[in-house]
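Engineer: The structure under discussion is supplied below as structure tokens; questions concerning it will follow.
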Amino acid sequence: MPQPELTGGCQCGAVRFRAGRLGRSAICHCRMCQKAFGSFFGPLVTAYEVEWTRGAPKYFRSSNKWRRGFCGACGTPLGGVDDDGGIELAVGAFDDPMLAAPVVQFNRRDRLPLFDTLAALPPQPDADKELAHNATIVSHQHPDHDTDTWPPREGFAA
């Protein structure tokens, strides 16, 4: 059975990657991950044999041991590199995030109390209105696969 391609990239397509194999995937609740991902946690997976196939991330040194990678054009979080050269990629940046589904949580002391209640939130009460609204959206996001060309024709604000 062929191995699935471990590819991904940013929202706009300026940065793309390929990994040879993956290690453990986790969600991290530390405050740095919360801020870097603009979310309640950061989903990251250890990656090996990483190749940047289009562009390269920009980096921000978020701590004395970690540089966070992101797309310099659209800001998508792409993961990071530790000072020993270990690479963690953002799970959501993969073309198929299910290939890197998290199996453990880190830094639970920083976990926001609302995290435990997120799955119990009720759905949008007016599903027809939601569907109608979503039908009007035209995505300018790079597709979830490699493409021969970049940049996009639309999507960047002046």
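Bear in mind that the values in this text are calculations on the coordinates, not laboratory data. A quick note: this is a predicted structure, and the numbers were derived from the prediction, not measured. No Cβ is skipped: glycine too gets one built from the backbone with ideal geometry, and neighbour counts run over all protein chains shown.
Engineer: Between E49 and H140, with labels modelled 7 Å along Cα→Cβ, what's the label distance in nm to one decimal, could you check?
Structural biologist: Taking the two extended label points, one gets 3.7 nm.
Engineer: Let me ask something else. May I ask you to compute the full-extension gain from N64 to R24, defined as 0.36 nm times their residue separation minus their alpha-carbon distance, rounded to one decimal in nm?
Structural biologist: Full extension from N64 to R24 adds 12.1 nm.
Engineer: Taking 7 Å along the Cα-to-C-beta vector as the label spot, tell me the E130-K35 distance in nanometres, rounded to one decimal.
Structural biologist: Result for the modelled spin labels: 3.2 nm.
Engineer: Given springs between every Cα pair under 10 Å in a Gaussian network model of the chain, which of A19, A132, A101 has the largest fluctuation?
Structural biologist: Per the Cα network of the chain with a 10 Å cutoff, A132 tops the list.
Engineer: Listing S25, S62, S139 from the residue with the fewest other Cβ atoms within 10 Å to the one with the most, what is the order?
Structural biologist: Exposure proxy ranking, most exposed first: S139, S62, S25.
Engineer: Shifting gears a bit: Could you point to the label whose value was computed as mean projected area of the Cα convex hull in nm² for the structure here, given (i) 11.0; (ii) 8.7; (iii) 12.1?
Structural biologist: Given (i) 11.0; (ii) 8.7; (iii) 12.1, the calculated one carries the label (iii).
Engineer: Which one of P143, S25, G38 is farthest out on the positive end of the charge dipole of the chain, using unit charges on Cβ (Lys, Arg +1; Asp, Glu -1) and the Cα centre as origin?
Structural biologist: Highest projection toward the positive end goes to G38.
Engineer: Under a point-charge model restricted to the Cβ atoms of Lys and Arg (+1) and Asp and Glu (-1), what is the dipole moment magnitude of segment 97-148 relative to its Cα centre, in debye to the nearest 20?
Structural biologist: 420
Engineer: Give me the distance between the Cα centres of segment 65-84 and segment 1-46, rounded to whole Å.
Structural biologist: 10
Engineer: Still on this structure: How large is the charge dipole for the chain, taken about the Cα centre, if only the Cβ atoms of Lys, Arg (+1) and Asp, Glu (-1) carry charge, to the nearest 20 debye?
Structural biologist: Values: 17 positive and 18 negative charges, 151 e Å.
Computed about the Cα centre, the dipole is about 720 debye.
Engineer: Using the basic label-point model (7 angstrom from Cα toward the beta carbon), what is the W150 to L118 distance in nanometres?
Structural biologist: Result for the modelled spin labels: 2.6 nm.
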